[in-house]
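Have a look at the structure below before the remarks.
The values are calculated or read from the model by the stated rules, or taken from the named source; none is laboratory data. The model shown is predicted, which means the values in this text are computed figures rather than measured ones. Here Cβ is always computed from backbone atoms with ideal geometry, including for glycine, and neighbour counts include all displayed protein chains.
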Amino acid sequence: MKIQESVESILVGSVDIGIALGTAIVVAESMGLGTVPIGAVRNAPTELAEVLELPQNTFPIVGLCIGYIKGDKNPVKPKIPLDGYMLYDKYDSVTIEKNIHKYDKIMEKYFANRTELVATEKKIGVGQ
Ligand SMILES: Cc1cc2nc3c(=O)[nH]c(=O)nc-3n(C[C@H](O)[C@H](O)[C@H](O)COP(=O)(O)O)c2cc1C
């Protein structure tokens, strides 16, 4: 089997990319820069591979925008609490489901508020 056709190689590569992505974010932000990971690069992997002139049999997994923040830094998006994904000794779908449901409610409020903020900023022309 060719290496690029193996699920194992894609898994290993993706894990490594996740580690590199997280590290790059921590380093960039520690230097006062802003970052936005872009998973959407996978929406058009072939086209992007062409634009980036990637070697044969490779494709983009994730992008990372790094730049100077204009204005105030956005508030950090609420994170799923530890008890929403951390388990001891064995999987417990009841606890996970309950805590994810709690997080969904938090995110609903967050997005409603953020959309309101974006709408207000558009009205007063912030960032134009
Ligand atoms: C793996 C990954 C992929 C992401 N892909 C996109 C994306 O395609 N487009 C986008 O606007 N934001 C993307 N984001 C950014 C998130 O939407 C969100 O803005 C960010 O994780 C929140 O950052 P914060 O923790 O500083 O609040 C992605 C984030 C991660 C971790």
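General remarks:
- Scanning the stretch 75-96 for residues that are away from the ligand (no atom under 16 Å from the Cβ), assigned to a loop (DSSP other than H, G, I, E, B) and surrounded by 11 or more Cβ atoms within 10 Å (Cβ to Cβ) yields MET86, LEU87, ASP92.
- Residue match in the stretch 48-62 (condition: within 30 Å of LYS109 (Cα to Cα), near the ligand (Cβ under 10 Å from one of its atoms) and loosely packed, with under 13 Cβ neighbours inside 10 Å): no
- Scan of the stretch 6-25 for residues that are surrounded by 11 or more Cβ atoms within 10 Å (Cβ to Cβ) and more than 9 Å from the ligand (Cβ to nearest atom), ordered by number: SER6, SER9, ILE10, VAL12, GLY13, SER14, ASP16, ILE17, ALA20, ALA24
- Summed over the stretch 45-91, residues that are hydroxyl-bearing (Ser, Thr, Tyr) and either under 19 Å from ALA24 (Cβ atoms) or assigned by TED's automatic domain parsing to the domain that holds ALA20 (or both) total 3.
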